[in-house]
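What follows is one structure encoded as structure tokens, with my remarks underneath.
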Amino acid sequence: MKMYHKIYKLSFYFIFSLIIIQGIFAAPKVSERRQKLITYSLSLVGTKYVYGGTDPETGFDCSGFIDYAVKNGAGIQLPRTANEIYNSSRILKIDPKEKEPGDLMFFKNDPNSDRVTHIGLYCGVYRGPITEFNGKRVFVSAVSDGPKTGVQLTLISERFWKNHFFGYGRILPRTKVQAQNTKTQNARVQKK
């Protein structure tokens with residue numbers, strides 16, 4: 001079992017290094033700054049999960065991972081916890097229809113609670129060598145429970161994440177091409 005885990009982990013690192021080199025995820029549909037954030041975040045895949053962790057050498061929890069990735073991949077300092085990040089004035093809450101790769105995703109363990117308990121980074125539609133992900137929307141986060149833990153790429157469509165999803169937040173400006181397309185689409189709708 002340990003040998004399988006080591007082989008899986010090495011294969012995973014190899015595949016992600018290919019993905020990062022090729023820019024499979026968002027490029028060229030997002031801004032260079034958003035792509036840099038996504039690429040940097042994906043370079044941390046495989047880092048172990050540690051409650052309260054804020055560093056790739058020792059491990060990350062979900063908010064420690066996002067804070068570290070956003071600080072080093074986009075030059076933005078965020079608060080420490082998922083709930084504080086969600087409630088920060090730096091975060092623009094957006095409609096799911098407006099999401100684009102590089103936006104934050106927020107989750108709650110208890111849908112009746114006001115407290116956000118998990119955070120990830122939306123990466124967009126996956127196009128790459130992992131067949132089970134191909135053509136599906138994914139995000140990256142530091143996961144504490146389940147069959148795999150640590151920083152990992154995850155399908156948004158997985159039942160757990162769908163059931164606990166709370167909202168999207170924006171820390172980087174919209175990609176201009178996408179913003180222009182939205183304006184054009186809105187103008188077409190108004191003319192009809």
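So here's what we get for this one:
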| item | result |
| --- | --- |
| Integer Hz, Karplus 6.51/-1.76/1.60 couplings in order for the range 92-106, x for Gly and Pro | 8, 6, 10, 5, x, 5, 8, 4, 8, x, x, 7, 8, 10, 10 |
| Long pairs among Lys108/Lys162; Lys71/Lys176; Lys99/Lys136; Lys108/Lys136; Lys29/Lys99; Lys136/Lys176, criterion Cα-Cα beyond 19 Å | Lys71/Lys176; Lys108/Lys136; Lys136/Lys176 |
| Net charge, Pro101 excluded, C-beta distance under 9 Å - Lys, Arg +1, Asp, Glu -1 | +1 |
| Proximal charge balance of Lys36 [Cβ under 15 Å; K/R count +1, D/E count -1] | +1 |
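Coordinate-derived values only; no laboratory data. Predicted model only: the values in this text are computed from it and were never measured. A quick note on method: Cβ atoms are made from the backbone with ideal geometry, for glycine too, and the neighbour counts reach across all protein chains shown.
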